[in-house]
1. Let me know the charge dipole size of the chain about its Cα centre in debye, to the nearest 20, where only the beta-carbon of Lys, Arg (+1) and Asp, Glu (-1) is charged.
2. Report the one residue of Phe38, Tyr155, Gln65 whose Cα lies farthest in the direction of the positive end of the charge dipole of the chain (charges on C-beta: Lys and Arg +1, Asp and Glu -1; origin at the Cα centre).
3. I'd like the FRET efficiency for Arg97 and Ala164, computed as 1/(1 + (r/R0)^6) with the beta carbon distance as r and R0 of 25 Å, rounded to 0.05.
4. Quick one: putting +1 on the C-beta of Lys and Arg, -1 on the C-beta of Asp and Glu, what dipole do you get for the stretch 174-235 around its Cα centre, in Debye to the nearest 20?
5. Enter the angle in degrees (range 0 to 90, nearest 10) between the Cα long axis of helix 14-26 and the first principal axis of the Cα atoms of the chain, meaning the one along which they spread out most.
6. Can you give the FRET efficiency to the nearest 0.05 for Arg80 and Thr109, using r as the Cβ-Cβ distance and R₀ = 51 Å?
7. Kindly provide the helix-only [θ] at 222 nm of the chain, computed as the sum of -39,500 (n - 2.57) over DSSP H runs of four or more divided by all residues, to the nearest 500 deg cm²/dmol?
8. Label 7 Å along Cα→Cβ of Asp7; the stretch 133-163 residues with amide nitrogen under 19 Å?
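Values in this text are rule-based calculations from the coordinates and carry no lab data. All figures in this text were calculated on a predicted structure; none of them were measured in a lab. No Cβ is skipped: glycine too gets one built from the backbone with ideal geometry, and neighbour counts run over all protein chains shown.
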Amino acid sequence: MSKKNKDVRPITNEKDCKMMLKYLKNAHQLGIRDYIVFKLGMSCVLRVSDLIHLKYDDVYTPTGQVKKKLIINEIKTGKRKEMPLVHVANDLTEYKRVLDAFIANQPATYMKPLKSKETETVGRGKNAREILKNDKWLFPSSQHPTQHISTNTFYKSITNAKNALGFERIGTHTPRKTGAYLYYRGGFDDVLAAKGMQPRNDIALAMTVLNHSSEKSTLHYLGLEQENLDRMITENSAFDINI
């Protein structure tokens with residue numbers, strides 16, 4: 001994991017998550033783009049490398065409707081990823097109006113690169129593949145609309161939000177970690193507490209949505225190794241010896 005994402009944690013409270021999303025959406029003229037990156041990354045548990053390489057037709061049908069599911073092959077692992085879009089469908093509908101207007105208002109010269117056959121390499125090793133550099137991306141650059149935003153662009157946006165809100169341990173992995181945390185817990189901690197509900201701690205579900213193969217990797221990724229150890233020790237009655 002890069003230094004930028006070292007010790008990054010999920011957002012565990014709904015209040016904090018709403019603050020983050022609201023800040024991203026209103027930060028600049030195309031703030032809804034960064035908002036959708038975070039919301040889609042959270043609901044579909046996606047790495048930022050997969051998010052920035054999503055194309056327009058990955059989420060929208062030819063008639064302009066939001067698709068029922070997002071289906072991709074992860075860039076890092078090559079594994080198939082299939083996630084429902086139900087939790088972000090309304091947001092994607094709103095975003096489509098903004099995105100379509102943004103593209104329609106671009107000068108013809110700015111859109112010329114769409115005819116280019118220039119490629120870029122995504123993935124590493126056996127998962128490396130060539131894709132077109134210029135395409136109709138879901139998250140286009142505001143300066144170069146035929147190219148997708150970079151990881152660094154989203155890093156800057158989320159860092160600005162982190163600093164403005166006074167949050168810590170926030171980075172580009174936060175959307176994915178937050179989504180996995182919600183699947184693991186069954187909800188945000190503050191919401192569960194307000195309802196008097198115990199967290200599900202469904203490690204199998206969290207492993208599935210993350211495409212992980214071990215519980216240890218998932219607990220480490222979510223920063224929950226110590227919490228899990230504490231729980232197992234507390235629940236072990238073998239040491240409750242009375243004499």
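1. Here the chain has a charge dipole of around 900 debye.
2. Selected residue: Gln65.
3. After rounding, the FRET efficiency stands at 0.40.
4. The calculation lands at about 220 debye.
5. 10
6. 0.85
7. On the way: 12 runs with 114 residues, N = 243.
The helix-only estimate for the chain comes to -13500 deg cm²/dmol at 222 nm.
8. Backbone N within reach: 159-160, 162-163.
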